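Below is one structure; the comments refer to it alone.
The values are calculated or read from the model by the stated rules, or taken from the named source; none is laboratory data. Since this is a predicted model, take the numbers as computed values, not measurements. Glycine also receives a Cβ, built like all others from the backbone with ideal geometry; neighbour counts cover every protein chain displayed. These area figures cover heavy atoms from the full protein model, side chains too; ligands, DNA and RNA do not enter into them. Shrake-Rupley method; radii C 1.70, N 1.55, O 1.52, S 1.80 Å.
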Amino acid sequence: MLGVEDLRSGYGRIEALHGVSLEVRAGEIVTLVGGNGAGKTTLLRAISGVQPVTGGRVLFEGADVTRLSPHRRVELGIAQVPEGRQIFGPLSVEDNLRLGAYRKTHGAAEVGKDLDKIFAMFPILAERRRNPAGGLSGGQQQMLAIGRALMGRPRLLLLDEPSMGLAPILVDQILAAIVDLRSEGVTVFLVEQNAFAALSIADRGYVIETGTIAKEGSGKALIEDPAVREAYLGV
Ligand SMILES: Nc1ncnc2c1ncn2[C@@H]1O[C@H](COP(=O)(O)OP(=O)(O)OP(=O)(O)O)[C@@H](O)[C@H]1O
Ligand SMILES: [Mg+2]
């Protein structure tokens, strides 16, 4: 579904991605783990189109999307949940969700159905639907950011550190929601510093170190890999 081929990107003269290649197949949860500054966010932003690339290609369902604008990629079915969530604090929870649907042509009834699905997935958002989103806790804001991305009915969901700053119980809820999404046919590319959590739900994973893919394997194989355990799992 997603192919990244020899991708290069950076900031000014500093290259942050030194030729990254990976793939995500339809129906998979694939995770990218790596430390601070390894290039995870840069890669996700290059896939969604908000970060310029200086070499290589991004393929989505066989088509080269490297030069397409971010909004064209959204229309094709690629949705990114950005690091730090970026919700609209003064707007209500429900209006934040509705914003995620603004580009779609389906009518009010369809939007209402999508809202109901997200409220079923994250009941706390239903309880708070009329409240300003800025009053939500960090974990609830993360749920809202995921919900908003889902309102666009993506086929590929890109998540940047959804567990960051969350209490363990909320991390578990978010991970469970990601696993549910896969069973509903959404393909997920999950970027995490929380390597154990991410690898434990992933079909496959990649390890990125200073802009280069250092390892790949099944989630299970990477969790059991001694070098990965030492570097990323603290065991
Ligand atoms: N706006 C920017 N301007 C200049 N350099 C940047 C910018 N954003 C990131 N970088 C640099 O690019 C490299 C990759 O950063 P990136 O944010 O992609 O890493 P990351 O893996 O997402 O890290 P983290 O886990 O801290 O979010 C780092 O060396 C970082 O300092
Ligand atoms: Mg990052």
Exercise for review: Please identify the pairs in which a residue from region 159-181 that is within 15 Å of residue 148 (Cβ to Cβ) has its Cβ atom under 6 Å from the Cβ atom of a residue that is within 16 Å of ligand 2 (Cβ to nearest atom) and open to solvent by 20 Å² or more (accessible area, probe 1.4 Å), counting only partners at least 6 apart or on another chain.
Suggested key: 160/41; 160/82; 160/83
**Study point:** Matching residues, region 56-101, being touching a Lys or Arg at 6+ places or on another chain (Cβ under 6 Å) and among the hydrophobic types (A, V, I, L, M, F, W, C)
**Key:** 65, 93, 97
Exercise for review: Tell me which of these residue 162 doesn't satisfy, since it passes every other one: (1) out of contact with any Pro (no Cβ under 8 Å at 6 or more places or on another chain); (2) not in a loop (DSSP other than H, G, I, E, B).
Suggested key: (2)
Revision key, fill the gap. For residue 52, the lone unmet condition from (1) in contact with a Gly (Cβ under 8 Å, 6 or more places away or on another chain); (2) open to solvent by 20 Å² or more (accessible area, probe 1.4 Å); (3) modelled with pLDDT of 95 or more is (1)
Review point. Say we look at region 183-213 and pick out the residues that are of a type in the set (S, T, N, Q) and part of a helix (DSSP H, G or I); which of these is surrounded by the most Cβ atoms within 10 Å (Cβ to Cβ)?
Key: 200
Point to revise | Close pairs (9 angstrom Cβ cut-off, 6 or more residues apart or separate chains): within 19 Å of residue 161 (Cα to Cα) and among the hydroxyl-bearing types (Ser, Thr, Tyr) in region 197-223, open to solvent by 30 Å² or more (accessible area, probe 1.4 Å) and part of a helix (DSSP H, G or I) anywhere | key: 200/220
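Condition check ((1) in the same structural domain as residue 8 (by TED's automatic domain parsing); (2) in contact with a strand residue (DSSP E or B) (Cβ under 8 Å, 6 or more places away or on another chain)) across all residues:
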{"residue": "37", "(1), (2)": "yes, no"}
{"residue": "47", "(1), (2)": "yes, yes"}
{"residue": "54", "(1), (2)": "yes, yes"}
{"residue": "57", "(1), (2)": "yes, yes"}
{"residue": "71", "(1), (2)": "yes, no"}
{"residue": "98", "(1), (2)": "no, no"}
{"residue": "107", "(1), (2)": "no, no"}
{"residue": "112", "(1), (2)": "no, no"}
Review point. Taking residue 175, is it in contact with a helix residue (DSSP H, G or I) (Cβ under 6 Å, 6 or more places away or on another chain), within 16 Å of ligand 2 (Cβ to nearest atom) and not charged (D, E, K, R)?
Key: no
Point to revise | In region 61-81, the residues that are open to solvent by 60 Å² or more (accessible area, probe 1.4 Å) and either in contact (Cβ under 8 Å) with a residue 24 or more places away in the chain or over 16 Å from residue 7 (Cβ atoms) (or both) | key: 61, 62, 71, 72, 74, 75
Point to revise | Output for region 1-27, where each listed residue is in contact (Cβ under 8 Å) with a residue 60 or more places away in the chain, more than 15 Å from ligand 2 (Cβ to nearest atom) and either over 22 Å from residue 82 (Cβ atoms) or open to solvent by 20 Å² or more (accessible area, probe 1.4 Å) (or both) | key: 1, 15, 18, 19, 21, 25, 26, 27
Check your understanding: Restricting attention to region 107-134, which residues are open to solvent by less than 70 Å² (accessible area, probe 1.4 Å), farther than 19 Å from residue 162 by Cβ and either hydroxyl-bearing (Ser, Thr, Tyr) or free of Cβ contacts under 8 Å to residues at least 12 places away in the same chain (or both)?
Key -> 107, 110, 112, 126
Exercise for review: Could you list all residues from region 42-75 that are within 16 Å of ligand 2 (Cβ to nearest atom), among the polar types (S, T, N, Q) and farther than 11 Å from residue 208 by Cβ?
Suggested key: 48, 51
Practice item. Scan (1) within 16 Å of ligand 1 (Cβ to nearest atom); (2) within 17 Å of the chain's Cα centre (by Cα); (3) over 30 Å from residue 228 (Cα atoms) for the single condition residue 39 breaks and write down its number. Key: (3)
Study note, to complete from the structure: Checking 111, 65, 93 in turn, the sole residue that is under 15 Å from residue 158 (Cβ atoms) and of a type in the set (Val, Ile, Thr) turns out to be 65
